[in-house]
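*Asks:* I'd like to ask some things about the structure below.
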Amino acid sequence: MTTNQPASTPKRSKRAVLRIAATLALALSAYSLQYAWAPLNSNWTDSTSLRGRSLSVDDSPPPRCRIPREYRLSKQPTSPAYLASFHGGGKVISNLAQALTGIATTNQVNYAKHRTDHSVLFETHYPLHGAIKIQDDDNFRGTILLLRNPIDSILSSFNAFYARQYHYLIDIRAPAEDWIRYRDSAQFAAQVKLYEKFVIYWMNKYKKNREDLLLITYEGLTGGRGATFTKQIANYLDKSEGIKVIDPDSVPCIWEKFVHDKWYPTNGDESTATTTSFQERADDRPLTQDQIRVVSRMLQGLEERFRRDDKQFSTIMNSYMNSLYDYSDSVIS
């Protein structure tokens, strides 16, 4: 009897441990089913798209940063908005809108009318070649028009073109010699005309109901005041039928996460914020004097066309014209 007693103790202990483990597993499972998102704290790791980063004890994230764990189409019909972008940057706003609302976006790849009418945004490059036009959009809230310096947009378009040509799965920075060949072909001038056509279409579409058009610049969204522009996006979406921003207090944190891929500013100075995308402009992306003049005339024409309708648009075009001086070091005669 005395020899068997010590052997029975571990068996009871093992069964007890298994019962406790099973109870904890059930509790955790119930918790994960009950909540679609959770406030962040110093010991929490997001399980969706945070690359497995754990916050250390020394980190001090915002007090509330609620990000949905998954994005789905709304069960109820919505009044979605267009997200119109020329090239480069549209995915940033798409990610922000999904994180702000928990509702998925749609685009022409997964387009279907019954899907679009339950989404938060419909991403489009219309009227560019290959982009579809939705014929019946009376239920749309309006359009978020993402503007970007045309030279940076063309450089982004070139990188995407190069990636497709050589079957890369993601956009990469193309070699300088390929850019020179692209620049010296008819493609550059064609892209400038397409940029002008794109902007004119969307500005004219809301000429009589400008309140339905939200202008956002890529430079502003990825710069030091990006959280402010993200709040504008949140306020715009929050007025759409069937769409509500989940947690307005989380807007700055969501901007930090999805634009800069970090949880909080390294210091109190927002001006130190930097964009996560690779730099479009560089010394190995030279332009000719004639190309700079072509871009300048195009921007001036857009500014003159819409200056009376939209002062904000006029300011943006003037800022892009002034930025052409930044290319002085990379311009060839």
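The values are calculated or read from the model by the stated rules, or taken from the named source; none is laboratory data. Note that the coordinates shown come from a computational prediction; the quantities given were computed from them, not determined experimentally. Positions of Cβ are generated from backbone atoms using ideal geometry, with glycine treated the same way; all protein chains shown enter the neighbour counts. For accessibility, only protein heavy atoms count, side chains too; no ligands or nucleic acids. Shrake-Rupley method; radii C 1.70, N 1.55, O 1.52, S 1.80 Å.
*Asks:* Can residue 155 be described as assigned to a helix (DSSP H, G or I), of a type outside the set (Asp, Glu), crowded, with 22+ Cβ neighbours inside 10 Å and in contact with a Ser or Thr (Cβ under 7 Å, 6 or more places away or on another chain)?
*Replies:* The answer is no for residue 155.
*Asks:* State the number of residues belonging to segment 200-229 that are under 25 Å from residue 115 (Cβ atoms) and assigned to a helix (DSSP H, G or I).
*Replies:* So the count comes out to 4.
*Asks:* Kindly indicate which of 99, 112, 104 is under 20 Å from the mean Cα position of the chain (by Cα), over 30 Å from residue 318 (Cβ atoms), surrounded by fewer than 21 Cβ atoms within 10 Å (Cβ to Cβ) and among the small types (Gly, Ala, Ser).
*Replies:* Result of the check over 99, 112, 104: 104.
*Asks:* Can you name the condition, by its number, that residue 102 falls short on among (1) touching a residue at least 24 places away in the same chain (Cβ under 8 Å); (2) on the phi < 0 side of the Ramachandran plot; (3) not charged (D, E, K, R)?
*Replies:* Condition not satisfied by residue 102: (2).
Residue-wise test of (1) crowded, with 16+ Cβ neighbours inside 10 Å; (2) assigned to a loop (DSSP other than H, G, I, E, B); (3) modelled with pLDDT of 85 or more.
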site: 243; (1), (2), (3): yes, yes, yes
site: 246; (1), (2), (3): yes, yes, yes
site: 250; (1), (2), (3): yes, no, yes
site: 253; (1), (2), (3): yes, no, yes
site: 271; (1), (2), (3): no, no, no
site: 278; (1), (2), (3): no, yes, no
site: 317; (1), (2), (3): yes, no, yes
site: 321; (1), (2), (3): yes, no, yes
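*Asks:* Just the residues that are open to solvent by less than 50 Å² (accessible area, probe 1.4 Å) and charged (D, E, K, R), please, taken from segment 170-218.
*Replies:* Scanning segment 170-218 gives 178, 183, 210, 212.
*Asks:* If you don't mind, another one. Can you give me the number of residues within segment 167-193 that are under 22 Å from the mean Cα position of the chain (by Cα) and either within 27 Å of residue 145 (Cβ to Cβ) or β-branched (Val, Ile, Thr) (or both)?
*Replies:* The number of residues fulfilling the criteria is 4.
*Asks:* Looking at (1) β-branched (Val, Ile, Thr); (2) at pLDDT 80 or above; (3) open to solvent by 20 Å² or more (accessible area, probe 1.4 Å), can you tell me which one residue 45 breaks?
*Replies:* Checking residue 45 against (1) β-branched (Val, Ile, Thr); (2) at pLDDT 80 or above; (3) open to solvent by 20 Å² or more (accessible area, probe 1.4 Å), the one that fails is (2).
*Asks:* Take the residues in segment 115-127 that are of a type outside the set (A, V, I, L, M) and more than 23 Å from residue 197 (Cβ to Cβ), then tell me which one is most open to solvent (accessible area, probe 1.4 Å).
*Replies:* That would be 115.
*Asks:* Consider only pairs whose beta carbons are under 7 Å apart and that are at least six residues apart or on different chains; among these, list those whose first residue lies in segment 167-196 and is of a type in the set (Asp, Glu) and whose second residue is open to solvent by 20 Å² or more (accessible area, probe 1.4 Å).
*Replies:* 178/162
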